[in-house]
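This report concerns only the one structure given below.
The values are calculated or read from the model by the stated rules, or taken from the named source; none is laboratory data. What you see is a predicted model, and the numbers here were worked out from it, not measured in a lab. So basically every Cβ, Gly included, is an ideal-geometry build from the backbone, and we count neighbours across all protein chains shown. Note: areas computed on protein heavy atoms with side chains; ligands, DNA, RNA excluded. Shrake-Rupley method; radii C 1.70, N 1.55, O 1.52, S 1.80 Å.
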Amino acid sequence: MKPTVIKGRVWMLTDDKGRRLDDVDTDMIYHNRYLTVTDPEDMKRYAFSNLPGWEDFPKKAVPGDILIVGRNFGAGSSRQHAVDCFIALGISAIVGESFGAIYKRNAINSGWPLLEAPGVFDTDLKTGDVVEIDLKRGEIKREGELLIRAKPFSRVQMDIYQAGDLFAYAKTSTKASPPPRSGQGRNG
Amino acid sequence: MPMTVVEKIMAAHSGKKSVSAGDILWIDVDARTARDFGGPNVVKHLKKNFEPPYVADPKRTFFTFDLSTPARTIKYAISQHLLKEFAKETGVAVFDVDEGIGTHVLIEKGIVRPGDVAVGTDSHYNILGAVGAFGQGMGDKDIAFAFKTGRIWFEVPPTMKIKVEGAYSWPATARDLTFAVMREVGSSGALGRAIEYTGDAVERLSLDGRITLASQTTEMGGIVGFIPLNGEVRRFLEERSGQRVKEVLPDNDAEYVDELSVEVVGLEPLVAAPPSPTNVKSVSELEGMEIDSVFVGSCTEGRYENLLQVARVLKGKKVKKGVTFKITPATKEVWARAIRDGLVDIFLKAGAVVFSNPGCGGCAEGMAGLVGEGEVELSTTNRNFPGKQGPGKVYLVSAATAAASAVKGYLTGAW
Ligand code: SF4
């Protein structure tokens with residue numbers, strides 16, 4: 001079983017004046033120049049390489065760190081690299097005000113912990129703080145105190161996270177779980 | 001708990017009594033498809049990650065060759081061949097290059113019925129809302145998973161209601177009604193939402209008109225747009241599927257995040273000017289703009305009704321010299337009927353008309369020609385983003401407006 005409580009140091013995604021960055025799209029996260037890269041070691045070097053002020057993030061981030069982002073993070077294209085570059089860096093979870101729909105899908109399918117916590121930027125959380133995130137309960141705590149609630153992991157998200165990714169889940173689901181109920185929902 | 005249409009469909013397909021917006025669920029899929037574009041990646045994922053059997057239920061799994069029909073580049077030839085080989089190995093059915101646009105074929109063959117769930121590698125899969133089914137376009141990983149397990153996960157979207165009321169008459173058509181809705185909703189007004197349409201104007205739409213309306217859900221940011229059946233559509237679907245249709249209707253007190261209403265009384269022909277499908281103006285505002293070519297077809301306006309509209313305009317007339325007129329029927333069925341009923345004869349007599357075999361035509365892969373630098377095209381497709389159909393400018397219009405304008409050589413709603 002993978003841990004359902006994750007502890008780590010946070011990065012608040014803000015501009016140089018400390019203001020929350022909204023609508024950060026997949027091109028700012030991972031520029032299309034590097035789409036041909038497939039090696040994770042390479043991929044991680046380009047995380048945020050197109051987001052002014054954040055180009056050196058891959059050098060500063062340490063495995064286990066947690067990323068806290070603003071509204072509509074990951075809008076734009078469906079590129080998987082925009083998720084994979086953070087996984088390669090060892091970022092242990094991402095918490096956001098809200099996410100682009102495809103980004104969210106890609107993150108969940110990759111078994112990468114993603115939580116929606118509207119209002120997380122209204123707390124006094126700052127870069128460098130250490131938080132504990134309970135994926136099951138959707139609680140984000142600092143020094144044992146509840147800071148804000150996030151939407152807890154759904155069953156689906158937990159299944160995929162525990163299996164590793166969507167494909168790993170498919171292997172367990174066809175072996176361990178009952179076979180797909182395909183067609184039963186069909187009316188008539 | 002009272003439920004909306006999408007909530008009811010998702011509850012039925014996840015084995016739950018009741019679900020609500022925001023729930024993430026495993027849902028069973030009634031039909032899954034991959035196209036000649038995304039298909040090879042689906043196969044790659046399956047072979048890389050799994051052992052046979054790669055496909056949970058080959059009878060409900062399809063490849064649809066609709067983008068390049070027949071294969072126009074070596075890349076497509078290789079892709080289509082690869083998919084055929086995989087189909088032989090697994091028993092998956094192939095709708096070959098002669099069949100037409102995948103979603104339309106699913107409707108015509110009665111494979112997808114009201115209340116069903118279907119997914120495919122096509123961002124306009126939500127067209128299936130035209131027959132009250134939940135259709136969804138997805139990435140190649142999700143579709144590979146659906147091939148393998150027969151399931152997908154989905155977050156139940158909130159629902160908005162759009163009421164469309166009023167009577168209008170020719171030359172305004174369902175396409176203009178659709179533009180009127182898009183003008184109201186905008187490019188992100190339905191973002192992440194399901195839509196339920198109501199109102200007498202929607203009720204009167206034919207199946208072909210419903211397909212036109214449903215096909216633009218994506219361009220308003222929507223997940224799916226459901227249109228309640230009328231008698232004619234119900235009869236068609238029962239005849240095609242050979243089964244009684246059970247429509248999924250919302251509960252009376254279901255919860256909606258938003259309610260909009262659009263008036264289409266006396267609707268006039270509309271046009272979406274570059275750079276976006278929601279940049280809607282009335283044709284009379286741009287009347288007289290010179291054009292170089294027109295394209296009629298795509299999953300939006302490639303139905304028989306649309307070809308009939310073109311024929312109605314072109315009958316006994318000539319396409320203006322210098323204007324190229326391209327028509328691609330959506331499916332083989334539409335194509336055959338247009339030949340049988342003499343429409344093609346009318347097109348040929350009008351001159352300058354290319355009538356190509358079924359598929360996506362000029363929409364994505366330039367199968368029915370692209371738009372050159374400096375060229376102005378009137379097109380019945382659903383997107384006019386810069387560069388999508390070539391460097392020229394694309395204005396979206398109804399099939400009727402496209403034909404009337406081709407005769408004059410400039411944009412006009414009069415015929
Ligand atoms: S006609 Fe265009 S938008 Fe419609 S399915 Fe084909 S490629 Fe997609």
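Summary of computed values
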| read-out | value |
| --- | --- |
| Filter result (within 14 Å of the chain's Cα centre (by Cα), surrounded by fewer than 20 Cβ atoms within 10 Å (Cβ to Cβ) and on the phi > 0 side of the Ramachandran plot) within the range A:46-78 | A:GLY64, A:ASN72 |
| Test for B:ALA180: is it away from the ligand (no atom under 16 Å from the Cβ), in contact (Cβ under 8 Å) with a residue 40 or more places away in the chain and under 19 Å from B:ASP122 (Cα atoms) | no |
| Elements of type strands (runs of 3 or more DSSP E) contained in the range A:54-138, each with 2 or more residues being within 14 Å of chain B (Cβ to nearest Cβ) | A:114-116 |
| Tally, over the range B:109-140, of residues that are aromatic (Phe, Trp, Tyr) and within 14 Å of the ligand (Cβ to nearest atom) | 1 |
| Residue among B:VAL280, B:VAL310 that alone is in contact (Cβ under 8 Å) with a residue 60 or more places away in the chain, more than 16 Å from the ligand (Cβ to nearest atom) and surrounded by 24 or more Cβ atoms within 10 Å (Cβ to Cβ) | B:VAL310 |
| Qualifying residues in the range B:1-55 (those that are aliphatic (A, V, I, L, M) and more than 27 Å from the chain's Cα centre (by Cα)) - the one farthest from the other protein chains (Cβ to nearest Cβ) | B:MET1 |
| Which numbered condition B:LEU229 misses (of (1) part of a strand (DSSP E or B); (2) open to solvent by 10 Å² or more (accessible area, probe 1.4 Å)) | (1) |
| Qualifying residue in the range B:60-71 (condition: among the aliphatic types (A, V, I, L, M) and out of contact with any Cys (no Cβ under 9 Å at 6 or more places or on another chain)) | yes |
| Residue list for the range B:359-382, filter: within 25 Å of B:PHE179 (Cα to Cα), within 13 Å of the ligand (Cβ to nearest atom) and open to solvent by less than 50 Å² (accessible area, probe 1.4 Å) | B:GLY359, B:CYS360, B:GLY361, B:GLY362, B:CYS363, B:ALA364, B:GLY366, B:ALA368, B:SER379, B:THR380, B:THR381, B:ASN382 |
| The lone exception for B:ALA273 - which of (1) within 30 Å of B:ALA414 (Cα to Cα); (2) open to solvent by 30 Å² or more (accessible area, probe 1.4 Å); (3) away from the ligand (no atom under 16 Å from the Cβ) it fails | (2) |
| Some residue of the range B:98-108 being away from the ligand (no atom under 14 Å from the Cβ) and away from chain A (no Cβ under 14 Å) | yes |
| Any chance B:THR401 is among the polar types (S, T, N, Q), within 14 Å of the ligand (Cβ to nearest atom), surrounded by 18 or more Cβ atoms within 10 Å (Cβ to Cβ) and not assigned by TED's automatic domain parsing to the domain that holds B:ALA71 | no |
| The range B:134-154, residues that are touching a helix residue (DSSP H, G or I) at 6+ places or on another chain (Cβ under 8 Å), of a type in the set (Gly, Ala, Ser) and either more than 26 Å from A:GLY111 (Cβ to Cβ) or at the interface with another protein chain (Cβ under 10 Å from one of its Cβ atoms) (or both) | B:GLY135, B:GLY139, B:ALA144, B:GLY150 |
| Selection count, the range A:109-153, where residues are open to solvent by less than 20 Å² (accessible area, probe 1.4 Å), among the small types (Gly, Ala, Ser) and touching a strand residue (DSSP E or B) at 6+ places or on another chain (Cβ under 9 Å) | 4 |
